[in-house]
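Visitor: Attaching a single structure in structure tokens format; questions to follow.
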Amino acid sequence: MTLALYVPVASPVHRAPAGVKLLALIAVSVVVFAVPTLPVVGGVLVAVLLTGLGIARLPAALLGRQVRAVVWWLLALAVVTGVVGGVASAALVVLRLLTLVLAAAVVTATTRVTELVAVVEWLCSPLRVVGVRPARIGLLIAMTLRFIPLVAERAERIRDAQAARGGAVRGIRAWTTTAVPLLVQVLQMAHTTAEALDARGADDDAPPARPPGRGRR
Amino acid sequence: MKTRDLAYVALFAAIVAVLGLVPAIQVGPVPITAQTLGVMLAGSVLGARRGFLALLLFLVLVAVGLPLLASGSGGLSVFVGPSAGYLYSWPIGAFVVGLITELTWTRYNLAWALLANVVGGILVVYAIGIPFVAVYADAVTLRQSFTGSFVFLPGDAVKAVIASLVAVQVRRAYPVIERPRRAAAVR
Amino acid sequence: MAEHSTDAVADPARGIVLTGVGHTYGSRTVLADVTVTLTERRVGIIGANGSGKSTFARLLNGLVVPTEGSVTVDGLDTRGQLRAVRRRVGFVFQDPDAQIVHPTVAEDVAFGLENMGVPPAERAARVGEVLDRYGLTGHADHPAHLLSGGQKQLLAIAGVLVMRPARIVLDEPTTLLDLLNARRVARLVQELDQSVVVVTHDLALLGGFERVLVFDAGRLVADDSPAAAIDTYRSLMAGRT
């Protein structure tokens, strides 16, 4: 998973368990909404920056990119709240958003995708009761990452074929004439993939290493 | 769920990701992206449950740090920003599109498709996305957030038309949603 | 439907037995009235597109359970003992792109073993052994989608062989390959220890086969030696435009 936003550094923040970091993120978001005063929100922001830049040694440019992604929001919120509630409330709203976005960015940049996936699987384990197998989440993710380039490639091929026959390349018609054959092709492909996985035992109820007696899905 | 259902769910999560590669038009704070087209198609083609799961899976991939959103962004930050409500609305939107599609499946046509996609893909998305912005800043009233979201309406209307035209044709060529209560003999 | 795959005892001598098999998708009949017993080690299936040969292949490991009649493999019924049949019969698809889903070569080969509940240490050993046999060792940690077409098909076959099935069904394994890679796969098929059923348009693949079935419009129309069956197929096609 090379396209991930993870930044490898040997730091205590990186080594901290993913679950702990997610809990900390939740704590941050609760605090900045529950105690909406400038000193508290400002203090949390400083703490987040210290953690990200100081302890985790993340590049400042990386955090800057995350801020740039919400810069429009910051402006709009500052203007609207400023007009209605004055400078203080505008500052609060801006600091709050900055704090949350940066805290989340720090967690994302210091935690491997596989660790987060493990947390997701753990979170889904109660779903076992309703027949969802948490171990299947890894398979779902693998399939999705596999399908992304395949879908993009087939879309390209269909567009080329249609352009070669003088088909529309823009507008609603171009979208539908591409999307219909594309969807039919990729649905068939997904069906074959499922068959191939089943042929290798993907639909076995549970690995035989586990105690038997579990009901059918 | 059968493996085939898992594959369809993964496929539509991938389709939403690929739609993120279509260049977005930046209008103010929220980009107009092709990805909500994926919300509509997932519901229209897969139905409520699988459509919901496809979008949920997509959001999980974004949350664990894959930059799959149209702007090339990802990670947890997008789930705490003011536009996060729009993201949260996607699985629910796909579910509603799918539900209406399933209920009208036997007489499904362009009109029903449009209804499903407008209700699930536009109304539900706005109904969750707009108030979420207001939660963020106490002074930003619902009304301002509501007015602001009107820039998206033309784009969303076009997407609903495309999704509906596509859904009707895919239903003929490769129906995935099954008619309710088919004979359960074939396994 | 209770299944006791561990209790199921296979009897290799009984071979693959189809009795009065028919299959329909909705109102479309793709296979009708097939009764045949296959005990040979090398069986080929040929026929035009849409003749029902792919469905026939899928019947042999329970990917498709027939709407009529029954299929047994070494005495195991695909309807009641599906898991046991799947363990016994490996299946290789035409398009390796649809078969490979895991990010790296080694992970994809390990997938079937994970499903079988093979412990990690044994899993790693078996994966290593198979990768070595098919010249993929150097690619173990490479992204699977970056392999060449020929390597992908080898990987797909490796992912099945690592499970050590008693029989292997291949559905047009050379259709998407160039001449050189097709020849490699053909040699690989010849050298397999397992009993093999191959569906193919590639008549060169059938060299050394013991028996070839010809399908047409959902029916079994010939069952013969390769040379005779291919003649039948050619004359069948010659009459059409």
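Visitor: Cβ-Cβ under 7 Å, sequence separation 6+ or interchain: first residue in the range C:111-131 and touching a residue at least 24 places away in the same chain (Cβ under 8 Å), partner exposed (fewer than 13 other Cβ atoms within 10 Å of the Cβ). Which pairs?
Guide: Between residues of the range C:111-131 that are touching a residue at least 24 places away in the same chain (Cβ under 8 Å) and residues that are exposed (fewer than 13 other Cβ atoms within 10 Å of the Cβ), there is no close pair.
Visitor: What number of residues within the range A:160-185 satisfy the criterion of being open to solvent by 50 Å² or more (accessible area, probe 1.4 Å) and within 12 Å of chain B (Cβ to nearest Cβ)?
Guide: So the answer is 4.
Visitor: Search the range A:126-143 for residues being more than 9 Å from chain B (Cβ to nearest Cβ), part of a helix (DSSP H, G or I) and not charged (D, E, K, R), and hand back the single one that is most open to solvent (accessible area, probe 1.4 Å).
Guide: Selected residue: A:129.
Visitor: If you go through the range A:83-97 one residue at a time, do you hit one that is basic (Lys, Arg), at the interface with chain B (Cβ under 10 Å from one of its Cβ atoms) and more than 20 Å from the chain's Cα centre (by Cα)? Quick ask: steps written out before the conclusion?
Guide: Step one: of the range A:83-97, the residues basic (Lys, Arg) are A:96.
If we keep only those that are at the interface with chain B (Cβ under 10 Å from one of its Cβ atoms) too, we end up with A:96.
Restricting the remaining residues to those that are more than 20 Å from the chain's Cα centre (by Cα) gives A:96.
The answer is yes, given that some residue of the range A:83-97 is basic (Lys, Arg), at the interface with chain B (Cβ under 10 Å from one of its Cβ atoms) and more than 20 Å from the chain's Cα centre (by Cα).
Visitor: With part of a helix (DSSP H, G or I) and facing chain B (nearest Cβ under 9 Å) as the only criterion, which of A:123, A:100 stands out?
Guide: Values: A:123 fails: facing chain B (nearest Cβ under 9 Å).
Of the residues listed, the single one that is part of a helix (DSSP H, G or I) and facing chain B (nearest Cβ under 9 Å) is A:100.
Visitor: To continue, here is another question. Please determine, by comparing only the residues of the range A:25-50 that are in contact (Cβ under 8 Å) with a residue 40 or more places away in the chain and open to solvent by 50 Å² or more (accessible area, probe 1.4 Å), which one is nearest to residue A:97 (Cα to Cα).
Guide: Going through the range A:25-50, the residues in contact (Cβ under 8 Å) with a residue 40 or more places away in the chain turn out to be A:25, A:28-29, A:32-33, A:36-38, A:41-42, A:44-45, A:48-49.
Next cut, open to solvent by 50 Å² or more (accessible area, probe 1.4 Å) only: A:33, A:36-38, A:49.
Numbers: A:33: 10, A:36: 12, A:37: 13, A:38: 13, A:49: 14 Å.
Result: A:33.
Visitor: Okay, next question. Is there a residue being open to solvent by 20 Å² or more (accessible area, probe 1.4 Å), of a type in the set (Asp, Glu) and either modelled with pLDDT of 95 or more or part of a strand (DSSP E or B) (or both) anywhere in the range C:63-80?
Guide: In the first step, residues of the range C:63-80 are kept if they are open to solvent by 20 Å² or more (accessible area, probe 1.4 Å); the result is C:63, C:65, C:67-70, C:72, C:75, C:77, C:79-80.
Those left that are additionally of a type in the set (Asp, Glu): C:68, C:77.
Applying the additional criterion that residues be either modelled with pLDDT of 95 or more or part of a strand (DSSP E or B) (or both) yields C:68, C:77.
The answer is yes, given that some residue of the range C:63-80 is open to solvent by 20 Å² or more (accessible area, probe 1.4 Å), of a type in the set (Asp, Glu) and either modelled with pLDDT of 95 or more or part of a strand (DSSP E or B) (or both).
Visitor: Mind telling me which of the residues B:89, B:83, B:77, B:73 ends up being open to solvent by less than 30 Å² (accessible area, probe 1.4 Å), of a type in the set (Ser, Thr, Tyr) and under 17 Å from the mean Cα position of the chain (by Cα)? It would help to see each step written out before you state the result.
Guide: Working: B:83 fails: open to solvent by less than 30 Å² (accessible area, probe 1.4 Å); B:77 fails: under 17 Å from the mean Cα position of the chain (by Cα); B:73 fails: under 17 Å from the mean Cα position of the chain (by Cα).
B:89 is the lone residue from the list that is open to solvent by less than 30 Å² (accessible area, probe 1.4 Å), of a type in the set (Ser, Thr, Tyr) and under 17 Å from the mean Cα position of the chain (by Cα).
Visitor: Shifting gears a bit: Do the conditions hold for residue B:96, that is, is it modelled with pLDDT of 80 or more, away from chain A (no Cβ under 14 Å) and crowded, with 22+ Cβ neighbours inside 10 Å?
Guide: Working: modelled with pLDDT of 80 or more: yes; away from chain A (no Cβ under 14 Å): yes; crowded, with 22+ Cβ neighbours inside 10 Å: yes.
Yes.
Visitor: Look at residue B:123 and say whether it is open to solvent by 60 Å² or more (accessible area, probe 1.4 Å), at pLDDT 80 or above and away from chain A (no Cβ under 12 Å). Spell out the reasoning first.
Guide: Numbers: open to solvent by 60 Å² or more (accessible area, probe 1.4 Å): yes; at pLDDT 80 or above: yes; away from chain A (no Cβ under 12 Å): yes.
So residue B:123 fits the description; yes.
Visitor: So which residues in the range B:30-70 are at the interface with chain A (Cβ under 8 Å from one of its Cβ atoms), open to solvent by 30 Å² or more (accessible area, probe 1.4 Å) and over 18 Å from residue A:136 (Cα atoms), if there are any at all?
Guide: The one that is at the interface with chain A (Cβ under 8 Å from one of its Cβ atoms), open to solvent by 30 Å² or more (accessible area, probe 1.4 Å) and over 18 Å from residue A:136 (Cα atoms): B:67.
Visitor: Return the total of residues in the range C:81-105 being open to solvent by 10 Å² or more (accessible area, probe 1.4 Å), more than 15 Å from residue C:171 (Cβ to Cβ), within 12 Å of chain A (Cβ to nearest Cβ) and assigned to a loop (DSSP other than H, G, I, E, B).
Guide: Final tally of qualifying residues: 2.
The values are calculated or read from the model by the stated rules, or taken from the named source; none is laboratory data. Everything numeric in this text was worked out from a predicted model, so none of it was measured. We place every Cβ from the backbone using ideal geometry, glycine too, and count neighbours over all the protein chains shown. Surface areas here come from the heavy atoms of the whole protein model, side chains and all, with no ligands, DNA or RNA. Shrake-Rupley method; radii C 1.70, N 1.55, O 1.52, S 1.80 Å.
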